[in-house]
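The numbers here are math on the coordinates, done by the rules we state, and not lab data. Remember, it's a predicted structure, so these values are computed and weren't measured experimentally. No Cβ is skipped: glycine too gets one built from the backbone with ideal geometry, and neighbour counts run over all protein chains shown.
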Amino acid sequence: MIVKEMAVHGWDVAVATGRRFRVSEGAARLVLDVVERHGDLYRQYDGFADPVPVPDDAPTFARALAASGRDPRQGAVAEADH
């Protein structure tokens with residue numbers, strides 16, 4: 001969960017400051033797993049908004065952001081380093 005917090009909130013800061021944000025593909029998969037596994041609990045306590053629709057073939061971190069209620073098209077580039 002700590003990695004998810006750092007990645008998702010790091011992206012939030014990047015959006016707010018107009019910066020680029022990158023995570024490895026492995027970290028993106030971990031974040032997506034945590035968000036999918038615990039998303040309902042986070043939403044129950046207003047930690048996440050409702051999921052944002054993204055294409056099925058969207059990058060892994062973009063899918064994680066969308067599942068957490070963030071719009072990955074919102075500004076910061078959500079890229080995965082391979």
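Some points to look at:
- Failed item in (1) outside any loop (DSSP other than H, G, I, E, B); (2) more than 13 Å from the chain's Cα centre (by Cα); (3) charged (D, E, K, R), with Arg19 passing the rest: (1)
- Pairs with Cβ under 8 Å, 6+ apart, first in the stretch 49-62 and farther than 15 Å from Gln74 by Cα, second of a type in the set (A, V, I, L, M, F, W, C) and in a loop (DSSP other than H, G, I, E, B): none
- Scan of the stretch 1-11 for residues that are surrounded by fewer than 17 Cβ atoms within 10 Å (Cβ to Cβ) and either of a type in the set (Ser, Thr, Tyr) or under 9 Å from the mean Cα position of the chain (by Cα) (or both), ordered by number: His9
- Filtered by the rule that a residue be part of a helix (DSSP H, G or I) and either surrounded by 14 or more Cβ atoms within 10 Å (Cβ to Cβ) or touching a residue at least 60 places away in the same chain (Cβ under 8 Å) (or both), the stretch 37-48 gives His38, Gly39, Tyr42, Arg43.
- Only a single item in (1) out of contact with any Pro (no Cβ under 9 Å at 6 or more places or on another chain); (2) surrounded by fewer than 18 Cβ atoms within 10 Å (Cβ to Cβ) is not met by Glu25, and it is number (1).
- Which numbered condition Val34 fails, given (1) in contact (Cβ under 8 Å) with a residue 40 or more places away in the chain; (2) buried (at least 19 other Cβ atoms within 10 Å of the Cβ): (1)
- Filter result (aliphatic (A, V, I, L, M) and either within 16 Å of Gln74 (Cα to Cα) or within 12 Å of the chain's Cα centre (by Cα) (or both)) within the stretch 22-48: Val23, Ala27, Ala28, Leu30, Val31, Leu32, Val34, Val35
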